[in-house]
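> Here's a structure for you.
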Amino acid sequence: MSKVFVITGPSGVGKGTLIRELCKRIPDLELSISATTRQPREGEADGVDYHFLSAGEFDRRVEEKDFLEFATYSGNRYGTLRSEVERRLDAGHSVLLEIEVQGAQQVRQAKPDSIQIFIAPPDPAVLRERLAGRGTDSAEAIDRRLETAEIELASQGDFDYRVVNDDLADAVEELAGIVRTELGLVGD
Ligand code: ADP
Ligand code: 5GP
């Protein structure tokens, strides 16, 4: 049966890195491409990493009720388009949403069967190191993301699963194990 998986966690914890590995291991799992009003980072492409929308276009799509969920994060808007999720489910695929905590809460209400996974750091201090190491955000943007991280970390208890991303290979294994179990693929 096709399922919706929600992966949340503070910025810099390694969600993107883990998800890339997860999708290689479980090809039936498809990542929903979110919409955002944030500017593309170097190397990001429209329709691949995000659907990059103007604020006006984002508002229009909110009015049209095109979003399954949406939220404001660090001064920009992000949302999951219903079409991204439904067309994958209709094609028999399971769908992965990589979203922040307010969005995860909305998906929990809209889709109570969704499986909610929180990715936690071994220590909050590694978030700054990882964000600085990634080199995509200004010092101010990093500070802002770390302020939000405190609120996000406080909500980990609302999730079905919690995976600590300390050693990357171990975290990928644990995450893949959860997804395989939920999809009934254990033993594959
Ligand atoms: P997120 O998508 O949660 O913001 P990323 O996947 O972009 O995080 O990871 C942030 C940075 O941390 C990247 O430079 C990535 O290579 C690095 N990283 C991810 N997982 C680990 C890990 N287990 N140990 C050390 N560095 C990691
Ligand atoms: P980034 O700017 O680093 O790509 O993403 C910032 C935050 O927005 C991350 O926590 C990411 O999970 C979240 N995010 C990405 N897409 C969506 C979405 O569609 N909805 C919500 N609510 N959050 C999202």
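> Need pairs with beta-carbon distance below 8 Å; first residue closer than 27 Å to Ile142 by Cα and away from ligand 1 (no atom under 16 Å from the Cβ) and within the range 63-80, second in a strand (DSSP E or B) and among the polar types (S, T, N, Q); sequence gap 6+ or separate chains.
As it stands, the answer is Glu69/Thr80; Phe70/Thr80; Arg77/Thr36; Gly79/Thr36, since those pairs meet every condition given.
> Out of the residues in the range 99-140 that are within 13 Å of ligand 2 (Cβ to nearest atom) and basic (Lys, Arg), state the one that is most open to solvent (accessible area, probe 1.4 Å).
It comes out as Arg134.
> Can you tell me how many residues within the range 24-82 are on the phi > 0 side of the Ramachandran plot and among the polar types (S, T, N, Q)?
Qualifying residue count for the region: 1.
> Continuing with the same structure: For the range 54-83, what are the residues that are open to solvent by less than 30 Å² (accessible area, probe 1.4 Å) and not hydroxyl-bearing (Ser, Thr, Tyr)?
Phe58, Phe67, Leu68, Glu69, Ala71, Gly79, Leu81
> Taking the condition of being of a type in the set (A, V, I, L, M) and near ligand 2 (Cβ under 10 Å from one of its atoms), how many residues in the range 20-47 meet it?
Of the residues in the range 20-47, 2 are of a type in the set (A, V, I, L, M) and near ligand 2 (Cβ under 10 Å from one of its atoms).
> Here is a follow-up. Based on what the data block shows, is Glu174 touching a strand residue (DSSP E or B) at 6+ places or on another chain (Cβ under 8 Å), open to solvent by 70 Å² or more (accessible area, probe 1.4 Å) and free of Cβ contacts under 8 Å to residues at least 24 places away in the same chain?
When the stated conditions are applied, Glu174 passes them.
The values are calculated or read from the model by the stated rules, or taken from the named source; none is laboratory data. From a predicted model like this one, the values you see are computed outputs, not experimental measurements. Note that each Cβ is placed from the backbone with ideal geometry, even for glycine, and that neighbours are counted across all protein chains shown. All accessible areas refer to the heavy atoms of the entire protein, side chains included, with ligands and DNA or RNA removed. Shrake-Rupley method; radii C 1.70, N 1.55, O 1.52, S 1.80 Å.
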